[in-house]
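Asks: Structure incoming, see below.
The values are calculated or read from the model by the stated rules, or taken from the named source; none is laboratory data. Source: prediction; values computed, not measured. Positions of Cβ are backbone-derived with ideal geometry, glycine not excepted, and every protein chain shown enters the neighbour counts. For the accessible areas, the whole protein counts, side chains as well, though only heavy atoms, and no ligand, DNA or RNA atoms are used. Shrake-Rupley method; radii C 1.70, N 1.55, O 1.52, S 1.80 Å.
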Amino acid sequence: MIQPTSAIFAHLRRVLQQAYFMQNMGPKELDLLVVSLKAMRVFKGFEIIRQGEPGDAFYLIAAGNVSVWLKKESRRVKVAELRADDFFGEMALISNEPRSATVVADGLTELFVLEKSEFEKILLKNPTIAAKLRAACETRAAKNRRS
């Protein structure tokens, strides 16, 4: 399991800062987010999130790969592959809508997880940041619907 170090802390802060929905956050909020992340290890085939379920966490991939699947009519379609430093789960977390896809581990995968309660405690108590997060998420959702 990944052990937090100052190098990992700095790396996670940089990765989060580059995420489209966190670009307007200050150093204090980013640091609070990083220390709230929990390490998680999953094995090949594990469904990390399932389409249609409530969004209760945001995930950042530390190591490994995952596949993103959409259920279309009666079949599942693979729409993306994500790897280290990619993230997922943010849209349902911010919008309070059900998960828009299923994400499955392609092999041994290590993740950092931010629970919704921590996310809300740190970010959504700041109305300016909350508004920017929702706007960024709505823009991405609209773009995804056009794709």
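Asks: How large is the dipole of the stretch 6-75 about the Cα centre if only Lys and Arg carry +1 and Asp and Glu carry -1, each at its Cβ, rounded to the nearest 20 debye? Mind showing how you got there, number by number?
Replies: Working: 10 positive and 6 negative charges, 48 e Å.
Here the size comes out at about 220 debye.
Asks: Can you bin the stretch 1-51 into rounded, prolate or oblate? Criterion: square roots of the alpha carbon gyration tensor eigenvalues sorted a ≥ b ≥ c, rounded for a/c under 1.5, prolate for a/b above b/c, oblate for the rest. Numbers along the way, then the final one.
Replies: On the way: a/c = 2.66, a/b = 1.47, b/c = 1.81.
Oblate is the answer for the stretch 1-51, as a/c is 1.5 or above yet b/c matches or exceeds a/b.
Asks: So what is the relative contact order for the stretch 18-117, in percent, with contacts set as C-alpha pairs under 8 Å and at least six apart?
Replies: Taking the mean separation of contacting Cα pairs over the length of the stretch 18-117, I get 42 percent.
Asks: Quick one: plug the Kirkwood hydrodynamic radius of the stretch 31-84 (C-alpha pairs) into Stokes-Einstein at 25 °C, 0.890 mPa s, and report D in µm²/s.
Replies: Numbers: Rh = 13.2 Å.
The calculation lands on 186 µm²/s.
Asks: May I pose another question? With a 1.4 Å probe and all protein chains in place, put Ile8, Ile49 in order of accessible area, largest first. Kindly include the intermediate steps, with their values, before the conclusion.
Replies: Details: Ile8 50, Ile49 15 Å².
My answer, sorted largest first, is Ile8, Ile49.
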